[in-house]
1. Alpha carbons only, please: Rg and Dmax for the chain, in angstrom.
2. Okay, which of region 272-307 sit inside 17 Å, backbone N to the point 7 Å along the Cα-Cβ direction of GLN435?
3. Suppose R0 equals 25 Å. What FRET efficiency, 1/(1 + (r/R0)^6) with r the Cβ-Cβ distance, do GLN368 and ASP308 give to the nearest 0.05?
4. Which angle between 0 and 90 degrees, to the nearest 10, do you get for helix 167-180 versus the longest principal axis of the chain when only C-alpha atoms count?
5. Could you work out how much longer the chain between LYS185 and HIS411 gets when fully extended? Use 0.36 nm per residue separation minus the Cα distance between them, nm to one decimal.
6. Can you compute the FRET efficiency between ILE118 and MET519 using 1/(1 + (r/R0)^6), with r the Cβ-Cβ distance and R0 = 60 Å? Round to the nearest 0.05.
7. For labels at LYS422 and THR493 in the simple 7 Å Cα→Cβ model, what's the distance in nm?
8. Under 11 Å from the Cβ of GLY175, count the other residues' Cβ atoms, weight Lys and Arg +1, Asp and Glu -1, and hand me the total.
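Only the coordinates and a few stated rules stand behind these numbers; no lab work does. The structure displayed is predicted, hence computed values, not measured ones. Cβ placement follows ideal geometry from the backbone for every residue including glycine, while neighbour counts extend to all protein chains displayed.
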Amino acid sequence: MDSSLERDERILIIDEQALSQSYLRYALEKLSYQDITVADRPQLALTLCRENHYDLIICSYNQGEGKDGYQLYEELKFNGLQKYTTGVIFISAETDPTLVHSVIELQPDEFLAKPFAIKDLQVRIERVLKRKEQLRQLYQLLDAQNHDAALSFIDEQLSDANQRKWFPLLLKLKGDILLNLARYKEAEQYFQAMLAIQPFNWARMGLVRCYLKLDKESQAFSELEAMLMRSDSRLFALDQLAELEFKQKRYQEAQQHLIDATDLAPRNLLRQQQLFHMSRLNHDYESQYRAAKDMVKFARFSIFEQPDLYLNLARASIDFALSSEDEEQNVRLNRQATQSLLSLQKQFNKHELSEQQHIIQARLHYLQDNKEKAKALLRGLKVDTPIQSLEDALDKAKAMHEVGLTENAEHLFEQISDYCLKNQADPMLNAYLQQEKAERKQMQLGPRELNNSAVQLYQRGHWEQAFAAFSLAHQVMPKNAGIALNLWQTILTSPRPLCPIKEQNKLLRQCQRIIEQAMLKPDQQQRYDQLKHKLKPAANL
């Protein structure tokens, strides 16, 4: 770039630190850029982007208190304030891999780590602005969502040998447009043709998306298995595998893929939400709680910070506590639920959320063994009002079921099912809702009471009924070591087989694994040791 010539591109610097602002302005002026605007606060940056068009935005991750650079860039994209014709260079002093992966998912034109030399900045700016200038007509068509004209323009450019430098980008953009237009059969053939020329990673990803849309699941699975091994496609492969495993009802595998993906890029809230739903589907209340907690953490100050996030964290805290026998942990979870409600009251309109908070308070009473107090709070609530939120309706139904208001709970679950039929609920959420409805119908008691009832049945020698009750309790609380021990003991001490031998051995192994991974109470440990020693031959059938 010739620094003796003034450049007329409009550039916006978004950085809260005065020293960094000065350095960036100095560097840009040295490179002959004159039209430079500085925003020292995210809110100012948003206002400027609404009122002006910039050729380049240089966005810093470090923005002081409140909204950070990632959340700002996320909001610019979500609100359509970052056009195709605008280049974005994201800069950050923090280079933790989880942040880098999260930022890359937002697809800035460049990522630059601080500190950097002026020469490094020059190379990035030159590269971005030259691309935006050369393909301005195409980017303008994409901004206008004129996809057919954009495809025609790309085909025209690809027939011009003078544009050879831009062929890789043009080919990728063509694939993206075909996918956006849902022309999956045509896109499949296109990506296969591209891969026959060169193993482009973007073409392989596009081909997998086509396979999934065209129900070619075995082909998609084969491609994704290989993509898992590559660092540049692993995150994509994990997301798509989670979707594929969910469609095939392999919920444990789907959840593990989502856990691995959130470990790589935790700031993607849609992925965290999927993990939240999938964890509930698998009765993994600890993972559900962690996902709810991460959503609150990463949504704070962002455009996605909503009351539901705090409500769901309180609900997840209660669900986790109800499934746990660790008293210290339950105290912490109780405190977390209460703190979530306090945060909710502080930041949002308390009146509009009164019923939801009322229900959570009732569930807290139930958690603290104040069942009658919880029932008194819930008894006056209406169950025939239109559903505004599936999560709110579900929590009300669960709360009523827990305290024994089973008719009301069943009515609500029917309403929820009807709502899901009429409205396109998230598939993972819908699967969980249907499972919850079926399980609650089987349980006339809450999970805790179900286990206590099973203990009484066992003590009276009602083996089959005890086995059925313990099995159901274990199904809805699969990581509860106390319930696993009760089920294990029932199978081992019954004078007659309670299920087919293959199922029995599977349950014995499953329960023993949970028991041995847990910190048992002294009386539980003693009971386990005695049973294991006394009935070791039976346990190894």
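1. Over the chain's Cα set, Rg and Dmax evaluate to 28.4, 95 Å.
2. It comes to 272-292, nothing else.
3. 0.55
4. 40 degrees
5. 76.9 nm
6. Working from the Cβ atoms, E equals 0.55.
7. 5.1 nm
8. Details: positive: LYS172, LYS174, ARG183, ARG204, ARG209; negative: ASP176, GLU186, GLU188.
Neighbour charge sum, excluding GLY175 itself: +2.
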